[in-house]
Amino acid sequence: MFKKELQKLNFDEKEADVYLALLELGEANIEQIAKKSGVKRTTVYYVIETLKEKGYIEMSKNGKKVLYYALNPKKIGENLEEKKLIFEKIMPGLLSITNDIEKKPKIRYFEGKEGIREIYKDTLKYHDQEMLVWTTEDILEYFDVDWLWNYYVVKRVENKIWQRAIAPDIEYAKELQEMDTEHLRQIRFCSRDKYPMYVDVTLYGGRFVGIMSFKDGLGLIIESEGIYKTLKSIFEMNWLMLQ
C-alpha cells in the first residue's frame, strides 16, 4: 500500500519499501528493517543513506546501538513544497534558455522516395500561402512523377498554395508552363547548362526550407526564420533576373 504513490514522489522501489517499513516499525535497526521491508540487509545500508540525504529518516544512538526512524510523512509534503518554490524561482531562467533553443534551426532528415514524399506533404500544411521553389530535372528520373501530379499538385491547389518556381529550361518544364494558371503556379527558366541545379529547394510556411536530392534519395527540412528569409531574398533576386 502506498508504494506506487511514493515512487511517483521520487522514491525508488527499495526506498519506498524501507520508508514504509520504518513508518510501521517506529524505530528499528538494520536487521529489523531488512526483515520488515524485504530488502537485502547489504542494500538497506545504502538505501538508509539516500533516505537520510533526502531528509525522510533520522538516526539515533544509544551506546553502541544504532537505530533509525522515519520522520513525519508531512516532511515529504514540505520537501515537495520547497522544490516547488525553487522551481518557480528558476522557471523564468529556464524559459529564457528554452527560447534560445527554439531560435536555433531545427533539422529533420528523410531517406528514400517515401521520405521525400513526407517533405512534400509537410508543405501542404500551410494553406493560402505562397511557396518558392528551385527545382531540378533529376525529379523526372529519380522520383515518382505520377504521385507528384496526381496527388501533390491536386492537394496543393485544393489548399490554395500558390507556387513560384525557377526551373531548368528543358522542354518538359516548358510544357508544364502551359498549365500554370490551372496549377496556381508561375515558372521562370534558367539555363540548365550555365546554372545546373542538382537538388530541389522549397521555401514554405514562412520559416521552413525543404531540400531534396532525388538522385541520392535524401532530404531534409530546416526550420529557421533566418535561413528562410535569407534564401527568400536570394530567390527574389533570381526571380527578377529571369524576367
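Values in this text are rule-based calculations from the coordinates and carry no lab data. Since the structure is predicted, the reported quantities are computational estimates derived from the model, not experimental observations. Cβ placement follows ideal geometry from the backbone for every residue including glycine, while neighbour counts extend to all protein chains displayed.
Would you mind giving the three semi-axes, in whole Å and largest first, of the ellipsoid equivalent to the range 54-197 according to its Cα gyration tensor?
Working: eigenvalues 844, 59, 46 Å².
They are 65, 17, 15 Å, listed largest first.
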ask   = Most fluctuating residue of Ile139, Ile86, Ile116 in a GNM of the chain with Cα springs under 10 Å: which is it?
value = Ile86
query = Using a basic spin-label model with each label point 7 Å from the Cα along Cα→Cβ, how many nm lie between Lys232 and Asp146?
reply = 3.7
Alpha-carbon centroid distance for the pair the range 67-87 / the range 114-128, whole angstrom = 51
request  = Multiply the residue gap between Glu171 and Leu71 by 0.36 nm, knock off their C-alpha separation, and tell me the result in nm, one decimal place.
outcome  = 27.7 nm
Vicinal HN-Hα couplings computed from phi for the range 228-238 (Karplus, 6.51 cos²θ - 1.76 cosθ + 1.60; Hz; Gly/Pro x) = 4, 5, 5, 5, 5, 4, 5, 4, 4, 5, 4
request  = Provide the FRET efficiency to the nearest 0.05 for the Met59-Leu95 pair, computing r from the beta carbons and using R0 = 35 Å.
outcome  = 0.30
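Counting DSSP beta bridges in the chain, what percent are antiparallel, to the nearest 5?
70
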message = Whole angstrom only: what separates the Cα centroid of the range 206-243 from the Cα centroid of the range 134-148?
response = 17
key: Most mobile listed residue (Leu203, Leu25, Leu220) in the chain, GNM with C-alpha springs under 10 Å   = Leu25
key: Restraint check, Lys3/Lys74; Lys3/Lys40; Lys61/Lys84; Lys3/Lys89, Cα-Cα greater than 27 Å   = Lys61/Lys84; Lys3/Lys89
message = Please rank Arg156, Arg41, fewest neighbouring Cβ atoms within 10 Å first, as an exposure proxy.
response = Arg41, Arg156
Karplus 3J(HN,Hα) series, Hz, for the range 151-156 with 6.51 cos²θ - 1.76 cosθ + 1.60 (x for Gly, Pro) = 10, 5, 4, 4, 5, 4
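Determine, for Leu9, Leu124, Leu231, the number of other Cβ atoms within 10 Å of each Cβ, and report the residues in order from fewest to most. Don't jump to the answer; show the numbers that get you there.
Working: Leu9 12, Leu124 16, Leu231 19.
Ranked by crowding around the Cβ, least crowded first: Leu9, Leu124, Leu231.
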key: Which of Thr230, Thr135, Thr181, Thr123 has the fewest Cβ neighbours within 10 Å, and the rest in rising order   = Thr181, Thr230, Thr135, Thr123
query = So, with +1 on the Cβ of K and R and -1 on the Cβ of D and E, and no other charges, what is the size of the charge dipole of the range 3-71 about its Cα centre, to the nearest 20 debye?
reply = 220
request  = Positive end of the charge dipole of the chain (Lys, Arg +1 and Asp, Glu -1 on Cβ, about the Cα centre): tell me which of Val199, Gly115, Met91 has its Cα farthest that way.
outcome  = Met91
message = Given a 10 angstrom Cα cut-off, can you work out which residue in Gly219, Gly77, Gly206 is the most mobile in a GNM of the chain?
response = Gly77
message = Per q in 0.09, 0.10, 0.12, 0.17 Å⁻¹, report the Debye log10 I(q)/I(0) for the chain, using one uniform scatterer on each alpha carbon and no solvent.
response = -0.60, -0.63, -0.72, -1.19
ask   = How large, in Å, is the range 3-71 by the Kirkwood hydrodynamic radius built from its alpha-carbon pairs?
value = 11.8
Amide H within-cut-off set for Gln186, under 5 Å, with H built and near neighbours excluded = Gln163, Arg164, Ala165
Charge sum, other residues only, whose C-beta stays under 9 Å from Lys215's C-beta, Lys/Arg counted +1 and Asp/Glu -1 = -3
